[in-house]
Amino acid sequence: MMIYGATGYTGRLVAEEAIEAGVQPVLVGRDEGKLDGLADSLSAAAAEESQSVPLETRAFGLDDPVRMAAALRDIDVVLHCAGPFSRTALPMFDACVRTGTHYVDITGEISVCEALAARDAEAREAGIMALPAAGFDVVPSDCLIADLAARHPGGRILRLGLLVRSGASRGTMKTALEGVNAIRVRRDGRVTRVAAGSLRHEFDFGRGPAAALVTPLADVSTAWWSTGIENIETYYRAGRRLPQLMRLSRWFGWLLGGRTAQALLRRWIDRGPEGPSDAQRGTSEGILVAEIEDARGRRTAARMRVPDPYGFTAKTLVAIGVRVLDGDFKAGYQTPSSAYGADFVRQFDGVEWELL
């Protein structure tokens, strides 16, 4: 098992989880010094628990196909944690196709999921599984949606609402920054752009109906592949500042999406904390509500609560990686529920699931 982007905020959590699961991952990234430091700290922590974990490291970037292929030849599965995946996913996937290595990532980007789905035939021919969005985005939502769709066939419109009580890592914020001027939904089977702030919908996140604003979540892609529902909208519930930001984005999104603005905002993000602290993660949670509407306008919904979204991402990613190592995979492009069923998420502690 290779963890690419191991020195990043989520990558470190994944490495820790892999060791906890009894796997000795190969730690990979671009900075050899950081990788050696991470390997030493993880090995020292494992030694304190009477575990012997001599971890291997490999350093390479994604702009060297020859070196990438050489580094992947003895790897069964890559857990890809280095975003923004709009830039990193396809170079890594290309290398996996060449070497027959299974590809799993934690993207939350619609375009990445669509791009990998379009290469399903290549993955099948190579005998590998391509499973993007294998973390908090979108394992719980995909399982919730797939289960609800199976219980209520004939859905015409799917709406997903998300509420997260947690800080954000630098990687998450940079990915969100790229999508500030690219709000998308699915209409009649096609991914379509809509104006920021143009759609809102009420969901019951557990304290009565609350308004949420349309937001580009990866489920716009994955839920279609999982259920076949042709109209999909995804929403995010936030405080007062998000509606203001959406209104500004509607008028000034072209400016925020420019190279200069993006570069300045990335520098500002890099000055902040790498991600939520352990104390913050201990009280964080994500709440998802899926709602399906049929041709008669009848609606049915289900809600799921997931503790510690970043820790949950590490757990789901490693669980999928371990299954692949055990030979449990489906070749070709997959979503979490198409690969492992809607009940896959039920194995994780703290998950609460209810029909509304």
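What per residue convex hull volume, in Å³, do the alpha-carbon atoms of the stretch 79-234 yield?
Taking only Cα atoms, the stretch 79-234 has a hull volume of 119 Å³ per residue.
Averaging Cα coordinates gives a centre for the stretch 56-87 and one for the stretch 300-356; these two points are 24 Å apart. With a ≥ b ≥ c the root eigenvalues of the C-alpha gyration tensor of the stretch 77-167, is it rounded (a/c under 1.5), prolate (a/b larger than b/c) or oblate? It comes out oblate by the Cα gyration axes.
So how much slack lies between Arg298 and Val23, counting 0.36 nm per residue of separation and subtracting their Cα-Cα distance, in nm?
On the way: separation 275, 0.36 × 275 = 99.00 nm, distance 4.70 nm.
Extending this stretch completely gives an extra 94.3 nm.
Phi angles of the stretch 322-329 translate, via the Karplus equation with coefficients 6.51, -1.76, 1.60 and θ = phi - 60°, into HN-Hα couplings of 5, 4, 5, 4, 7, x, 9, 7 Hz per residue; Gly and Pro are given as x. All C-alpha to C-alpha distances of the stretch 1-157, sorted into 10 Å bins beginning at zero, yield P(r) values of 10, 37, 32, 15, 5, 1 percent in whole numbers. Measuring nothing but protein heavy atoms, the accessible surface of the stretch 98-167 at 1.4 Å probe radius is 48 percent carbon and sulfur.
Restriction of the GluC sites (Glu not before Pro) in the stretch 42-124 to DSSP coil positions whose beta-carbon has at most 11 other beta-carbons within 10 angstrom yields Glu49.
Applying the criteria of a DSSP loop state and at most 15 other Cβ atoms within 10 Å to the trypsin sites (Lys or Arg not before Pro) of the stretch 281-356 yields Arg296, Arg298, Lys330.
With the whole protein complex present, Val289 retains an accessible surface near 0 Å², based on a 1.4 Å probe.
If the viscosity is 1.306 mPa s and the temperature 10 °C, what translational diffusion coefficient in µm²/s does Stokes-Einstein give for the stretch 33-111 when Rh comes from Kirkwood over Cα pairs? Estimated diffusion coefficient is 113 µm²/s.
Less than 5 angstrom separates the built amide H of Thr192 from those of Val185, Arg186, Arg187, all sequence-distant by 5 or more or on a different chain.
The values are calculated or read from the model by the stated rules, or taken from the named source; none is laboratory data. All figures in this text were calculated on a predicted structure; none of them were measured in a lab. We place every Cβ from the backbone using ideal geometry, glycine too, and count neighbours over all the protein chains shown. Ligands, DNA and RNA are stripped out before the accessible areas are found, and what is left, the full protein with its side chains, is counted by its heavy atoms. Shrake-Rupley method; radii C 1.70, N 1.55, O 1.52, S 1.80 Å.
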